[in-house]
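Here's the structure we're looking at; comments come further down.
The values are calculated or read from the model by the stated rules, or taken from the named source; none is laboratory data. In this text, all values refer to a predicted model and were calculated from it rather than measured experimentally. Methodologically, a virtual Cβ is constructed for each residue, glycine included, from the backbone with ideal geometry; neighbour enumeration extends over all protein chains shown. For accessibility, only protein heavy atoms count, side chains too; no ligands or nucleic acids. Shrake-Rupley method; radii C 1.70, N 1.55, O 1.52, S 1.80 Å.
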Amino acid sequence: MTDLNLIRSKLLSITEAADSLEAIEAVRVTALGKASEIAALMKTLGGMSPEERQVQAPLIQGLRTEVADAIAARKAALEGAALEARLATETIDLTLPAASAPQGSVHPVAQVMDELAEIFADLGFAVATGPEIEDDWHNFTALNIPETHPARAMHDTFYFPDEKDGKKMLLRTHTSPVQIRTMTSQEPPIRIIAPGRTYRSDSDATHTPMFHQVEGLVIDRGITLGHLKWTLETFVKAYFERDDIVLRLRPSYFPFTEPSAEVDVGYTLVDGRRVVGGAEPDGWMEILGSGMVHPRVIAACGLDPDEWQGFAFGCGIDRLAMLKYGMDDLRAFFDGDLRWLRHYGFAALDVPTLSAGVGA
Ligand code: PHE
């Protein structure tokens, strides 16, 4: 009996003395492991008489349980202390400002597309779209562009291998096929703009193989060149956010409009830079192509050109962005350089400047 009491007090005192999680683990191995005194005592039970075992077994088991409980309690106490210590040292200063999350920005092209949609929505135009992979009927034939037109040449247009049904598929070279898709799928009157990607086999500081255009189309009864001129003036003034802008319509040629006009905007020189606007311009920059929709195009879409007339225009969005926001190399638009995007990009939650509409 003395034996058990001795063992108990020795094991309980080394348990109490353990001052770290490593130390209490070592005590557990010493006190309860295979080579421990308690394990040796358990073994002696086998050699005892049944009467003696009946007395000794509960005592030895009781000792084992008491020591195991003491070790578990000490371990829990040490773990609690360790947590307390961490909580005391690892404090978080809740008064510090939070680290800001990295924020993306809206690409100037996307921003300008939004601005255009908004300006034209105020004029009653809906936004229409069409596929970037077009067939040559929508991109050329229906737009009265003859087989021999240079725009159809292999070196100007990206073609796909010939389709089984004889259709020639290509990357659309302008947004004008959306005119055709709109006229063949909805009844006039029509008022749409169609912003989107366009492709030409071209690359230098002012041309990239992929670029953006916005198409405008109005089809109704009694539409005249006067409506075209007013619409373009209203649009350009709203886009550049100034009223002193003069436009110049120069006679031009597009197969799908007759008459056709190229439109120049007047600029003023400010510190050697061309700034759009000024009642008495220092010079002119071309910004878009336009004209009265050719009767053949109207007829190709199944409408009677004696009843329906309209105007159309096509304009480079990238160029519009450059003129308003001051970038000078078109290629940088598509390089994906984050420094450029941070500089020229727009905050996603910017309130559009033109939300109040034209003249506001
Ligand atoms: N599609 C012409 C181009 O890409 C622009 C244009 C559109 C001209 C509509 C007149 C009318 O150059």
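Within the range 124-168, the set of residues being aliphatic (A, V, I, L, M), touching a residue at least 40 places away in the same chain (Cβ under 8 Å) and not in a loop (DSSP other than H, G, I, E, B) comprises Ala126, Val127, Ala142, Leu143. The set of residues in the range 313-330 being within 16 Å of the ligand (Cβ to nearest atom) and more than 21 Å from the chain's Cα centre (by Cα) consists of Phe313, Gly314, Cys315, Gly316, Arg319, Leu320. The single condition from (1) touching a Ser or Thr at 6+ places or on another chain (Cβ under 9 Å); (2) away from the ligand (no atom under 14 Å from the Cβ); (3) among the hydrophobic types (A, V, I, L, M, F, W, C) that Phe256 fails is (2). Screening Ile119 with (1) open to solvent by 40 Å² or more (accessible area, probe 1.4 Å); (2) touching a residue at least 24 places away in the same chain (Cβ under 8 Å); (3) of a type in the set (Val, Ile, Thr) gives one miss only, at (1).
Starting from the range 309-337, keep only residues that are within 30 Å of Leu225 (Cβ to Cβ), then list their pairs with residues that are away from the ligand (no atom under 16 Å from the Cβ) and of a type in the set (Val, Ile, Thr) whose Cβ atoms are within a distance under 7 Å, requiring at least 6 positions of separation or different chains. Sorted first by the residue in the range 309-337, then by its partner, the pairs are Ile317/Val109; Ile317/Val112; Asp318/Val109; Leu320/Val112; Ala321/Val109; Ala321/Val112; Leu323/Val276.
Can you spot a residue in the range 108-121 that is of a type in the set (A, V, I, L, M, F, W, C) and in a loop (DSSP other than H, G, I, E, B)? Checked against the condition, which is being of a type in the set (A, V, I, L, M, F, W, C) and in a loop (DSSP other than H, G, I, E, B), the range 108-121 yields no hits at all.
Is it the case, given these coordinates, that Thr353 is among the polar types (S, T, N, Q), modelled with pLDDT of 95 or more and either in contact with a Ser or Thr (Cβ under 7 Å, 6 or more places away or on another chain) or more than 16 Å from the ligand (Cβ to nearest atom) (or both)? Taking the combined requirement at face value, the residue does not satisfy it. Of all the numbered requirements in (1) over 23 Å from Ala321 (Cβ atoms); (2) within 16 Å of the ligand (Cβ to nearest atom), Val236 misses one, and that requirement is (1). Within the range 204-242, the set of residues being open to solvent by 60 Å² or more (accessible area, probe 1.4 Å) and touching a residue at least 24 places away in the same chain (Cβ under 8 Å) comprises Thr206, His207, Arg221, Thr224, Leu225, His227, Lys237, Glu241, Arg242.
Return the only residue of Arg200, Arg191 being within 13 Å of the ligand (Cβ to nearest atom), assigned by TED's automatic domain parsing to the domain that holds Ile145, of a type in the set (Lys, Arg) and surrounded by 15 or more Cβ atoms within 10 Å (Cβ to Cβ).
Exactly one of Arg200, Arg191 is within 13 Å of the ligand (Cβ to nearest atom), assigned by TED's automatic domain parsing to the domain that holds Ile145, of a type in the set (Lys, Arg) and surrounded by 15 or more Cβ atoms within 10 Å (Cβ to Cβ), namely Arg200.
Residue-by-condition table, conditions (1) loosely packed, with under 12 Cβ neighbours inside 10 Å; (2) among the small types (Gly, Ala, Ser); (3) in contact with an Asp or Glu (Cβ under 9 Å, 6 or more places away or on another chain); (4) within 30 Å of Ala85 (Cα to Cα):
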residue: Asp3; (1), (2), (3), (4): yes, no, yes, no
residue: Arg8; (1), (2), (3), (4): no, no, yes, no
residue: Leu32; (1), (2), (3), (4): no, no, no, yes
residue: Leu41; (1), (2), (3), (4): no, no, yes, no
residue: Met48; (1), (2), (3), (4): no, no, no, no
residue: Ala70; (1), (2), (3), (4): no, yes, yes, yes
